[in-house]
Amino acid sequence: MKFWLVMSKDLSAPLLRTARLLDLVPYLNSNQGISIKDLATDFGVSTAQINSDLTTLWMCGLPGYTPLELMDLEFESGFVTIRNAPTLSKPRNISFDEGLAIMLGLELLQQQIPTDREDLHTEIEVLKDKFSNQFGVPRAVTVSHAIDPSIISPVMHAINTSRDVEITYHSLYSDEISVRTVLPLATFVEGGNNYLRAFCRRVEAIRIFRLDRIVSLSLIDAGPDGAEVPKSFIETDEIESDKILYTIKIKRLTRDVIERFNLSHLLQDNPKTRELTIELSSFSGEWIKRAVLATGSDVELLSPSELRNEVANRAQLLIKRYT
Amino acid sequence: MSRKIERLVNLTIALLATKRFLTKSEIFRTVEGYEGTPETKERMFERDKDDLRALGIEISVGSFDPVFQDEAGYRINSDTYQFNIGLLSPLDVSLLSLAAQCWQGAALDQAAHRVLRKLRSIGIPADELDIPAIHSKLSTSGQDLDIISSAIAECALIRFNYIAKDLESQRRTVIPFNLATHAGFWYVATVDQDNQEVRIFRLDRMSSRVEKSLPQKDFQAPIDFDFQKALKNTHSNKSAILDVQKGKGQLIRKLATSIKDLGEWDRLEVPIVNMDNLLSLALWHGDDVLVHSPEELVEMIKTSLHEILASHE
């Protein structure tokens, strides 16, 4: 096995800039005439920084440093071309962390490619072999989507082939399970979550489902002209609902409380000494109530008062059940 | 600063372009930017070499003339410097680009970005591939994935601080042997060096950077270790008995080892891996779940409910 130099992560600013200059040359070489604006976006820096980088590069070249040896850069028009840079014309080798990102990325990609695209699955296997031989990413490092691949792959297949699927769907906050036949149309990402837009046969309308709440799924053969979706259905975005602002008082800060309410920023200082009051927001009142109850009594819900009362009522009701 | 950066770029170009090793004096004479007394130049060069190494650029040191062991020479081998993965088709380029894009906003985002730029620098156009985007939804934490992965490859010890349930931070020394994701979180399976037991850690609960130390040659990773099974960890001698309303309590049903039909309700047997987690889960489900045993859990629920009521009334 081959070991790679792991690039030091905490590079100083001049070193980061050196790395960028070395990487700019092959990039320009393959993207002649690119605008300074695009270049700045691709490298994640300002256009002023790119201009200053190019000015520095302009002074670099082979020993001798006459116009014959210097790189030939043009960028005054706002578009960049480069000539005479054969030594740096190829990109730098891939570091261990970059090899890791590719290997694991290929693994994630494999899980989202429709099952019927065998050609792509084969090609990915070939690439994985190539990269693991060269970059020594251990086999004991694996990754999977937070969503079950046994859900993603058939969904993609159904979208590609316009086939109906039967899904068992769990609405987390209302804790209800429903089974319905839908025609998957597209997946999309919003707020870090994966959604499926599908035509629901039962309600004859477009519905949106969170992919990670689909408990199980099976492809079914489309009935007579089953795949048609009436054009009159305008897609409505059902995700956008109003956020509910709520305030909690943390009576005992635990790891569970931090993770449940997404408060990792509290770890920065020493929060254990204080009683904290924090304002937060959620899309679901049901979630707020359940989350507060689930902390035992580590968290108190201060507002909104309706939800606070409902928490009290729910506790009251449960106490009766347990006596 | 600009002068130093210029010098580093010029040094890289000179060492890459040369077919033979360049001696220090040749470098000082020909590469732009080496000025001052011999000692100053010497110091500059030593620092420059370290800097290039920090960027992952390997400088090979060799002799100018192998017969006479004279002054050492330096060069950069273009095979180690350059990206070279053999022939890539436009389809390969697009698959690799999509693989890099899987990390959007997740742990290896930055490294993936650099790869993307390199892929766009090799001059092979990418095929258009119509693959719908799926957000990996992996937690953004895990900044030290690469360090842990290389430690696994080398059987090296790692050290880090870990946040316990009560928020105490504990120093851990372990040898990692497996890294995987589960439900959107990164986990590393290790052998704890304090007690030689297998321990699993969630990466987003590490409160310090991971430090890697020397490889442990005689380390043997546990055989027959099933990570996914270990993460679901349902092994327990004790179990709780609870009733769940029909059609409700999906989260708790997933944990059950047996389910008995009682009509409107089902009676579940759930292994007790962690009492606090079970308490939370029962409370989350409100009146759809009723716990019968163990008595300890029932008491914990009652106490919590009284405290909740007292503070919310």
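Some points to look at:
- Candidate set from region B:13-38 (those that are open to solvent by 50 Å² or more (accessible area, probe 1.4 Å) and within 11 Å of A:P63 (Cα to Cα)); member that is farthest from the chain's Cα centre (by Cα): B:R29
- Filtering region B:150-195 to residues that are more than 8 Å from chain A (Cβ to nearest Cβ) and hydroxyl-bearing (S, T, Y) leaves B:Y162, B:S169, B:T173, B:Y187, B:T190.
- Restricted to region A:291-314, and to residues there that are facing another protein chain (nearest Cβ under 8 Å) and without any contact (Cβ under 8 Å) to a residue 12 or more places away in the chain, the residue that is surrounded by the fewest Cβ atoms within 10 Å (Cβ to Cβ) is A:N309.
- Any hit, region B:50-64, residues being within 23 Å of A:S132 (Cβ to Cβ), open to solvent by less than 50 Å² (accessible area, probe 1.4 Å) and either in contact with a helix residue (DSSP H, G or I) (Cβ under 7 Å, 6 or more places away or on another chain) or outside the structural domain of B:P125 (by TED's automatic domain parsing) (or both): yes
- Among the residues of this structure, A:D72 does not count as one that is more than 18 Å from B:R117 (Cβ to Cβ), in contact with a helix residue (DSSP H, G or I) (Cβ under 9 Å, 6 or more places away or on another chain) and more than 7 Å from every other protein chain (Cβ to nearest Cβ).
- Screening B:L305 with (1) surrounded by fewer than 20 Cβ atoms within 10 Å (Cβ to Cβ); (2) without any contact (Cβ under 8 Å) to a residue 24 or more places away in the chain; (3) closer than 19 Å to A:T323 by Cβ gives one miss only, at (1).
- Among the residues of region B:72-121, just one is of a type in the set (V, I, T), closer than 23 Å to B:L11 by Cα and not in a helix (DSSP H, G or I), namely B:I76.
- Among the residues of region B:79-105, the ones that are at the interface with chain A (Cβ under 8 Å from one of its Cβ atoms), of a type in the set (G, A, S) and surrounded by 14 or more Cβ atoms within 10 Å (Cβ to Cβ) come to 2 in all.
The values are calculated or read from the model by the stated rules, or taken from the named source; none is laboratory data. Values in this document were obtained by computation on a predicted structure and should not be read as measured data. A quick note on method: Cβ atoms are made from the backbone with ideal geometry, for glycine too, and the neighbour counts reach across all protein chains shown. The accessibility values were calculated without ligands, DNA or RNA, using every heavy atom of the protein model including side chains. Shrake-Rupley method; radii C 1.70, N 1.55, O 1.52, S 1.80 Å.
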